[in-house]
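The values are calculated or read from the model by the stated rules, or taken from the named source; none is laboratory data. Only a predicted model underlies this, so the values are computations on that prediction, with no experimental measurement involved. Here the Cβ positions follow ideal geometry from the backbone for every residue, glycine too, while neighbour counts run over all protein chains shown. The protein model used for the area step is the full one, side chains on, heavy atoms only, and it has no ligands, DNA or RNA in it. Shrake-Rupley method; radii C 1.70, N 1.55, O 1.52, S 1.80 Å.
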Amino acid sequence: MFRFRKSSRRWWQKPLAMMSGRCLPAELAVLHLELRLGETGAWLNSRSTTSGVVDLVQGPDGTFETERTELPGFVSELLGMIYEATGLSKGAPDLVLWDSGGASVRLVEAKCPHWDQLSDEQIRFLDAAEEHGASASVVEWEFLSDAE
């Protein structure tokens, strides 16, 4: 389980985690910790199968903006095939990670077990992802207590 210090800042009504002196959504903090050598990844914070968030940047006025990236074609195609095979309109995991050679895709759902659990759609999506050759997993995270 990943454990993060909670920031005093919020974004879209979400508490942010502190990581390396920065405020990030827990999903992006998990993404940074999950990346393996030669991998790139993104947070699928919407139902898009073509782009994802790679960073949250704080502007000079203190507001936050997402930095997005286009997903490689083979990643978008895989997500689309899984949606089509399952008949789902939602359920993709939080994170998609891929190797630069295009040989593998990992899908990771980031969950805080204190208030979040997998939905039926997420379970179906993760099962279908493995049937389509992608690695699928759930990673748990939590905020440190104030005493820690």
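Starting from the 7 Å offset along Cα-to-Cβ, what nm value, one decimal, do you get for the label separation of D61 and K6?
Placing both labels 7 Å beyond Cα along the Cβ direction yields 2.8 nm.
At 1.4 Å probe size, with every protein chain present, just tell me what the per residue accessible area of the chain comes to in Å².
Dividing the accessible area of the chain by its residue count gives 55 Å².
What Rg and what Dmax come out for the stretch 1-140 when only alpha-carbon atoms are used, in angstroms?
According to the Cα coordinates of the stretch 1-140, Rg and Dmax are 14.9, 46 Å.
Kindly state, as a whole number, the per residue volume in cubic angstrom of the convex hull around the alpha carbon atoms of the stretch 5-49.
Spelled out: Cα convex hull of the stretch 5-49, divided by residues, is 77 Å³.
Please sort by residue number the chymotrypsin sites (Phe, Trp or Tyr not before Pro) in the stretch 115-148 whose DSSP state is loop and whose Cβ has at most 15 other Cβ atoms within 10 Å.
Sparse-neighbourhood loop chymotrypsin sites (Phe, Trp or Tyr not before Pro): W115.
Given the DSSP H assignment, sum -39500 (n - 2.57) over each helix run of at least 4 residues in the chain and divide by its residue total; what's the result at 222 nm in deg cm²/dmol, nearest 500?
Computed ellipticity for the chain at 222 nm equals -7500 deg cm²/dmol.
Determine by what factor the alpha-carbon radius of gyration of the stretch 52-135 differs from 2.2 N^0.38 Å, reporting the quotient.
1.25
Using modelled amide H (1.01 Å from N, peptide plane; none on Pro or chain starts), what sits under 5 Å from the amide H of E140, excluding residues fewer than 5 places away?
Amide H neighbours of E140: F2, K111.
Sticking with the crude label model, points 7 Å out along Cα→Cβ, report the distance from E131 to T69 in nm, one decimal please.
3.0 nm
Using the crude model of +1 on Lys and Arg Cβ and -1 on Asp and Glu Cβ, and no other charge, please compute the dipole size for the stretch 1-138 relative to its Cα centre, in debye to 20.
720 debye
Put +1 on the Cβ of every Lys and Arg and -1 on every Asp and Glu Cβ in the chain; which of G102, G41, P72 then has its Cα farthest towards the positive end of the dipole?
Looking along the dipole axis, the top candidate is G41.
Which of these, L24, L107, L35, has the largest mean-square fluctuation under a Gaussian network model of the chain (Cα springs below 10 Å)?
Result for the chain, Cα springs under 10 Å: L35 fluctuates most.
For the chain, what is the relative contact order in percent, using Cα pairs closer than 8 Å and at least 6 residues apart in sequence?
Answer for the chain is 24 percent.
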